Structure formats: structure tokens, C-alpha cells
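Engineer: Below is one structure. I have some questions about it.
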Amino acid sequence: MNSLLEKYIKKESLPYIFCPGCGNGIVLNAMIYAIEALGIKDDTACVSGIGCSSWIPPYLNMDVMHTIHGRAIAFAEGLKLSQPDKNIIVFTGDGDCLAIGGNHLLHAAKRNINITVIMINNYIYGMTGGQKSPTTPIDAKTKTSPYGAIDNPIDGCGVAMSAGATFCSRWTTGHPNQLKKAIQEGIAHNGFSFIEVLSQCPVQAGKSIFKERDPWKIIQYIRKNSTITSVWEDEYKEDKIRLGNFKKETDKREYCEKIITLKKRMKQE
Amino acid sequence: MLRKEVTENEGEKVIQGNEACAEAAIHAGCRFFAGYPITPSTEIIEYMSEAIFKNDGMFIQMEDEISAMCAIIGARWGGKKSMTATSGPGFTLMQEALGYGVVSETPVVVVNVQRGGPATGQPTFSSQQDIYQAKYGSHGDYEIICLTPSSVQEMYDFTIKAFNLSEQYRTPVILLADEIIGHMRERVSIPDSVEIEEKEAIEKCDEPFRRDKNHVPYAVDFFKGCNILVEGQLHDEKGRRIGHLADKSGQFIQNITRKITDNCAELTDIRHMYIEDAEILLIAYGSVVRSAERAVKTAREKGIKAGLIKINIIWPFPEKEIFRLAGHIKTVIVPEMNMGKYCREIERCLKQSKVISAPKLGGNIHQPSELAEIIEKEAALSYE
């Protein structure tokens, strides 16, 4: 057995509930490698909400909080403030983070609080059986958009960065090495980090959006329709999804740090 | 284990109910506060935004009440005693996360300074309309501990008690105040020390949710080597979900409810006056107790054998104690600042008595004279 598997996964919790071909395993793998590279397992806790993506942390041999729909970031902020020296990683999905939890994303990014949010975007509500999500492409037919989605999809990275996230990356499950590096850098970054992972859901999105049930073919399709860039232009006109490490801003101060400085100043006065 | 904690600012002073609550929270060891401003509880978040930093705690004004409730649960697992304070609409928004607090067995304190509802209702007026929401507000079967202060002094004392009970039973506790108590200024005596419940978090444990004979799980925190899985799903001793197992799931619900109902005697906190020979009894809680007390005294002056029961912890419902004290009394009047809610519980408990609901709506408290009138009317009827 792989030694990392022994170290990080609760054997008694297996098998995973993920469908065959799901992208969650790749993200879990990237995250484990990132934590191992940083050597921070005992000083890290994971928080997740509700949805397929949020089922990643419960298998981990770490302190984990599997919370309610959309609020993982809010729980994580409380946890971070009570233990500012620890690393908090949030696992969330496109529905959890951008629909019901959108407000918390905005405000955590605005505060620049040092938590790492990994948002797995599979373009659909997978756990409830294939309904339209905030990232479902326009015209896509899902269980709740039988005539095609009318509303425009939302771009998580754009939202996070404009709200004030100081670290932002987007990769796909077809870029496991880049993803691992981005997660590693995101955790190490002292500020709010947002990492989006475009992932394949061969069961639900495969059926309704990609018209393709082969996970590898969906990954290839997403890769083909994306372009790697390091500069985020607000006036982006091209049709391709942008991937890359878009932002790493280090001069903006972190939220907990600001409070700690404030408390020191109060003591002196 | 109770530990003596020396307080600052001891002595007598005149402060507001909301301030007394915030000060007590600091004395009780609260070191994390998350909230969102809402009338009539705002003074608590204002006070905490200053006091908690001075006491080496953390404060955050969240984007809404939903996230405030979530943040205090998160912070408690980080090992800090936590509290939030809100009113009406904010309390409604907190209900889902409150249920998560119950199932994850997180000791936190939620203060609801009640205002008039429903919806935006009467933001600056008092009510006791949320007593059922405090008990049944979140979905599913659960039990809650809920305290109702009726003076500024009790706002202080009950806040400390709320923290202690939450730690003792590992569950969210609700301090259900109302606008009158929250905004009233009264003399308060701050003791030089208070008794604080503190359980040492265990380290390196395989089954963090194992229970003692009172159905209460261990005290555990994150980052202590326990690899805890805090779950909103029904779970076993290790935190793993058991929703697919009917027997275990039923047992879980039994555990989280019985840890409160089985300890109902310990959780009963009732005061009474003139009850020994009482023929007409008032049962009240919260600010209404003040009017009820005056009314009973007036009735006594007129030679009517009136008495009063004051309930400090309304949930769990102290059924046995109320029956013991009042089972023989013919007429029971339940004044409340709502349509008449608690009187249903009293009716269920005192089947032999004539239970009269004395509701008061619109934001005003019962005048003592109104209650005295009801008592006199009932006394006249019983003499006929």
C-alpha cells in the first residue's frame, strides 16, 4: 500500500462514495501531495460544505469539519480566527461556493483571511442528480433546465479576484502537477487563496452537458477548450476557458495578522 | 469541572441588560464572538467588538447571521468558547447552523434578544414570540437548553450559566432574553469571582464522540491529534455517517435528546413566592415576571391567596417540578408576551387545574394592574 495512502486516508471509511471516473480523487491526490510537500499535516484542518466535492475531506486522517450547504467558508473563518497559526483548507463545489455560499466567498476574499479554498467545478449539481449550477454553460440541458440554461454562467476566479482574493489559480483535473503546485502555493500564501479545479462528472455532466460518458474524453475536451495564461484581463473576449496562476499579491495584509497587530497596539496603549 | 475565575470590574453598578450579557460572556471565558448587528441586540456585538480584543479573544463582524452562527461553531472546534447574539430575523437565519451545532454537539451560546415578529415585525419592541422557535426552530428531532432572564442581574448570571451548561452538556444553549431586559438599566452586582465549567480537551483519541453515562460525549478540540470528523450527518463514535443504518440512527437521536431530557431535574431552575397556601397561581418567565411579581403582591395586599412561579430555564420543560409545586392549585394564569404559547405546555402538565392564558401582543408588557385584575376576577369566581 502507498505510504501516503496509509498516512492520509482513513482505511475504515473506504470505499469512497465517488462515482467511477469522478475527478474528486485527482484533487484529493493533489492536495495530499501538496500537504506532504509542505509537511503540515498535523497543523492543517479541512472544512467542507455539502455536495460531491465536500465529500473529499471526510476520508482524511486529519481534523475535518463536514458542515452545511454553502457555509464551509464561514465555519473555516471561525476556525482560522480561533487558531490563526493553523492552516485551513476548504473544499467546495460550484453550487456550494458560488450559489448558496456566494456571499461568504465575497466576504472572505474581501477580508483576505488566510484560508485556502479549493472549488471543484463540475458544471452541475451532481449529488442531487444533475440539476443546473451557477457554472452550467448557457443552453445546456439539465434536469432543471430541460429547454437549455437561460442564465449566463458565473466565473468563480473572476468573482474571487474582484472581491479581493490575493491568490488565484485555475487548473483542470487533466493538470494534476500544476494543480498540486497551485494548492501548495495557495496554502503557503499568507492571504485568501482561491483555487478552481475544472473537473469531469461523467455521470451527471457527462449525460447532460458534455454528451460524453468517458471521463478521459471529458478531460480532453475541457483541456482543448482552455488556454493557459498568467495574466487575467478583465476584458477577455475569446471563447476559451483561461487556466493558470492568475494572481499572487503579497503586499496586502492578512486579516488575522491585522487583528493580532491591533491587539498588540491595544496592550501598549 | 468547575473552576473559579476572578472577574474584573467587580462591585455594584447600573448597566444595561445587553451590556451585562456581554460582560458576563467575557467573565465566562468567551474568547470568540461573531455577529451581525440587529435591533434590539446590537449593544452586545458593540460591547464585544471592544472587550474581546482587550481579553485576548477574537471578534468578527460577519456578512450575515447565517455565517455568524457558522463561525462560532468553527471557532469552538478551534478550542475557544464562542457566542453570538441576535434578534428575530437573525435568529431565524441561524436555525440551520444551530441544528448543525446540536448534531455536531458543539458547546456554543446563542443570545436572542426577542423583538416583535413575524418578519421584520416590531424591531424596537419587546415580545416573547420566539419561545417555540428556540425549541423547535431547526428541522428534525432535537432538544435544546433555553434560559429566560427577567432582570439585568439575571442577564449577567444566566449568560455565565449558559456557557457552563453548554460545556457540561456539549450542546448549543440559547439565552432567550427580550427587548425589555436587553435595554433596561438596573443595578447589577458583579461578583469578585465566578464559577466556570471547563473540561480539558482529551488528546489522541480514536473515538472522540464516545459518550458517558449521561449521553454526553467527550470534550474534544481540533489540533490535538484526535483526527476528528465533525459531521452534520448522524454519526457514530468516530464521526462516520450512520444514516443508512436505521437502528444506529435512531440511537443517535435518542442520545442527543436524552442527554437533555434525562437530566431534566438537573436542568430545572424554578423560583417561587407565596406558593405554600396559594389558590391562584401565576406562571411566568422573562420580563413578564416583573409585572407578575407586582400583581401577586397587590393581590396578597387585598387578601387574595395568589402565588408566583418563575421559570428560569424554560426548555427542557420542567414538567415534574411544575406538577409537584402546582398540581393541586385550582387556577393557574400564564401571562406571556405572545399569543399564548407556554400555557399549552402548562395545560398539558396541570390537567386538573384551570389554566388561563393571558397573552399580550403589540410590544407592551402586561401592566401589573392588568394582571392583578385577572387575579381578582378569578378570585371572585372561585368564591362564588
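The values are calculated or read from the model by the stated rules, or taken from the named source; none is laboratory data. This one's a predicted model, so the numbers in the text were calculated from it and none came from an experiment. In this analysis, Cβ positions are derived from the backbone assuming ideal geometry, glycine residues included, and neighbour counts consider all displayed protein chains. For accessibility, only protein heavy atoms count, side chains too; no ligands or nucleic acids. Shrake-Rupley method; radii C 1.70, N 1.55, O 1.52, S 1.80 Å.
Engineer: Select from region A:4-34 the residues that are modelled with pLDDT of 95 or more, in a loop (DSSP other than H, G, I, E, B) and surrounded by fewer than 21 Cβ atoms within 10 Å (Cβ to Cβ) and list them in ascending order.
Structural biologist: A:F18, A:C19, A:P20, A:G21
Residues are listed down the side, and each one gets a yes or a no for (1) more than 15 Å from A:N61 (Cα to Cα); (2) at the interface with chain A (Cβ under 9 Å from one of its Cβ atoms):
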{"site": "B:E207", "(1), (2)": "no, no"}
{"site": "B:K213", "(1), (2)": "yes, no"}
{"site": "B:V216", "(1), (2)": "yes, no"}
{"site": "B:F223", "(1), (2)": "no, yes"}
{"site": "B:C226", "(1), (2)": "no, yes"}
{"site": "B:L229", "(1), (2)": "no, yes"}
{"site": "B:G232", "(1), (2)": "yes, yes"}
{"site": "B:I242", "(1), (2)": "yes, no"}
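Engineer: Could I ask something else about it? Which members of region B:55-68 meet the condition of being surrounded by fewer than 16 Cβ atoms within 10 Å (Cβ to Cβ) and facing another protein chain (nearest Cβ under 8 Å)?
Structural biologist: B:D56 - this is the single residue of region B:55-68 that is surrounded by fewer than 16 Cβ atoms within 10 Å (Cβ to Cβ) and facing another protein chain (nearest Cβ under 8 Å).
Engineer: Related question: What strands (runs of 3 or more DSSP E), lying completely within region B:155-218, carry at least 2 residues that are among the hydrophobic types (A, V, I, L, M, F, W, C) and open to solvent by 60 Å² or more (accessible area, probe 1.4 Å)?
Structural biologist: Qualifying strands (runs of 3 or more DSSP E): none found.
Engineer: Does A:P134 satisfy the condition of being without any contact (Cβ under 8 Å) to a residue 40 or more places away in the chain, part of a loop (DSSP other than H, G, I, E, B), in contact with a Pro (Cβ under 8 Å, 6 or more places away or on another chain) and not aliphatic (A, V, I, L, M)?
Structural biologist: no
Engineer: Within region A:42-90, count every residue that is open to solvent by less than 30 Å² (accessible area, probe 1.4 Å), outside any loop (DSSP other than H, G, I, E, B) and in contact (Cβ under 8 Å) with a residue 12 or more places away in the chain.
Structural biologist: Going through region A:42-90 one residue at a time, the tally reaches 28.
Engineer: Something else about it: For residues in region B:1-54 being among the hydrophobic types (A, V, I, L, M, F, W, C), outside any strand (DSSP E or B) and within 14 Å of chain A (Cβ to nearest Cβ), which is surrounded by the most Cβ atoms within 10 Å (Cβ to Cβ)?
Structural biologist: Out of the qualifying residues, it is B:M48.
Engineer: Would you call B:A306 open to solvent by 10 Å² or more (accessible area, probe 1.4 Å) and more than 19 Å from B:A134 (Cα to Cα)?
Structural biologist: no
Engineer: Looking at (1) more than 8 Å from chain A (Cβ to nearest Cβ); (2) of a type in the set (S, T, Y); (3) outside any loop (DSSP other than H, G, I, E, B), which is the only condition B:T106 fails?
Structural biologist: Unmet for B:T106, out of (1) more than 8 Å from chain A (Cβ to nearest Cβ); (2) of a type in the set (S, T, Y); (3) outside any loop (DSSP other than H, G, I, E, B): (3).
Engineer: For the subset of region B:74-90 comprising residues that are in contact (Cβ under 8 Å) with a residue 40 or more places away in the chain and part of a helix (DSSP H, G or I), which member is farthest from the other protein chains (Cβ to nearest Cβ)?
Structural biologist: Filtering region B:74-90 for residues that are in contact (Cβ under 8 Å) with a residue 40 or more places away in the chain and part of a helix (DSSP H, G or I), the one farthest from the other protein chains (Cβ to nearest Cβ) comes out as B:G88.
Engineer: Same structure, new question: Please list, ordered by residue number, the helices (runs of 4 or more DSSP H) wholly in region B:269-384 having 1 or more residues that are touching a Leu at 6+ places or on another chain (Cβ under 9 Å).
Structural biologist: B:288-301, B:319-326, B:368-383
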